[in-house]
Amino acid sequence: MIEHLRLHVGRAFGRPVQTWNGEARPLEAYDARRKQWYSTRILRWLLEAGPGRGKVLALTDQDLFIPILTYVFGEAQLGGRVAVASTARLREDLDLHGERRFTERVVKEAVHELGHAYGLVHCNVPRCVMSRAAGVRDVDEKSAELCPRCRRRLSEPGRSPHGLE
């Protein structure tokens, strides 16, 4: 799946993508009371411990949250360098849809979070990968692609993609 994700993200942003498997983990991001990982702390950790160049997407199987929401599929620094996406909630209803659906969901969330890192905000076009998703059914409904408007925004000066890690 990682190879499929790497290829799709590379196509989505028109850049080569490298994988990185760091051994360390951001233990300070774990909230024992919630039994979840605080995604904002993971972003801060990535800035310090992750690769020092390009955009960085962390992919985890752990459940993520921000304090105002029960869970999040991911988070990114808007226009920044780092993003995180979780597969934990993307496994819902897989007995009905199979592993292919899971892989599609992961790709959509990875592209969505990296889109934020490139400065894209949520899109009102329902099928755009940058549209909001409150649950996995919303993820299933959207495409894995940027809509024409988001693609144009991505190519605006100051937002052109740099290398991805």
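The values are calculated or read from the model by the stated rules, or taken from the named source; none is laboratory data. Everything quoted here is computed from the prediction, not taken from an experiment. A quick note on method: Cβ atoms are made from the backbone with ideal geometry, for glycine too, and the neighbour counts reach across all protein chains shown. All accessible areas refer to the heavy atoms of the entire protein, side chains included, with ligands and DNA or RNA removed. Shrake-Rupley method; radii C 1.70, N 1.55, O 1.52, S 1.80 Å.
Numbers below:
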read-out: Close pairs (7 angstrom Cβ cut-off, 6 or more residues apart or separate chains): over 21 Å from R105 (Cα atoms) in region 38-66, open to solvent by 50 Å² or more (accessible area, probe 1.4 Å) and of a type in the set (K, R) anywhere; value: L47/R81
read-out: Only one of E145, E113, E99, E104 that is free of Cβ contacts under 8 Å to residues at least 40 places away in the same chain and of a type in the set (D, E); value: E99
read-out: Selection count where residues are without any contact (Cβ under 8 Å) to a residue 24 or more places away in the chain and open to solvent by 10 Å² or more (accessible area, probe 1.4 Å), scope region 116-130; value: 4
read-out: Residue within region 81-92 that is farther than 25 Å from S143 by Cα and buried (at least 17 other Cβ atoms within 10 Å of the Cβ) present; value: no
